[in-house]
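Coordinate-derived values only; no laboratory data. Computed from a prediction, not measured in an experiment: that's the story for all the values here. Quick reminder, even Gly has a Cβ in these numbers, built from the backbone with ideal geometry, and neighbours come from all protein chains shown.
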Amino acid sequence: MDTFAISLRHELKDAGVSVTCLMPGPTDTEFFDRAGLEDTPVGETSQKTDPKRVARKGYEAMEKGKAAMAPAFATKVQSALADILPKSVLARMHREMAEPEETPNG
């Protein structure tokens, strides 16, 4: 879970404010096209989560006062791995997911 959200949640716990960290993972929106990431492994995957599902699950988690919500199974696994893998390994994994695919002429 995002450390900023954890800290904020802790700081506001006695103020009647709930903080929920939404970790949507790859979501089926125009983001990848607009960001020029459509030719990356994460941009090309067909396993993006429906944005309505992300919003619904995030809202439900917030209403229940949950600390975090990852609507996709793969994102839940990645979040769990983030707690045990070295940061250098996580950084490399994220870079590889966001790097454009090699082209035969490139």
Rg/Rh for the range 1-47 to two decimals, with Rh computed the Kirkwood way over all alpha-carbon pairs. 1.22
Just going by the charge dipole of the chain, with Lys and Arg at +1 and Asp and Glu at -1 on Cβ, which of GLY36, ALA67, LEU85 is farthest out on the positive end? ALA67
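Which trypsin sites (Lys or Arg not before Pro) in the range 1-93 pass both tests, a DSSP loop state and at most 10 other beta-carbon atoms within 10 Å?
Values: sites: ARG9, LYS13, ARG34, LYS48, LYS52, ARG53, ARG56, LYS57, LYS64, LYS66, LYS76, LYS87, ARG92; in loops: LYS48, LYS64, LYS66.
Answer in residue order: LYS64.
Once fully extended, how much extra length lies between LYS13 and ARG95, figured as 0.36 nm per residue of separation less the alpha-carbon to alpha-carbon distance? Spell out each step's value before the answer.
Numbers: separation 82, 0.36 × 82 = 29.52 nm, distance 3.47 nm.
So the extension gain works out to 26.1 nm.
For ASP33, ASP28, ASP39, what ranking results if the residue with the fewest other Cβ atoms within 10 Å of its Cβ goes first? Can you show the working numbers first?
Details: ASP33 10, ASP28 16, ASP39 13.
With the fewest neighbours first, ASP33, ASP28, ASP39 line up as ASP33, ASP39, ASP28.
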Only Lys, Arg (+1) and Asp, Glu (-1) charged, at Cβ; the range 15-73 dipole about Cα centre in debye: 440
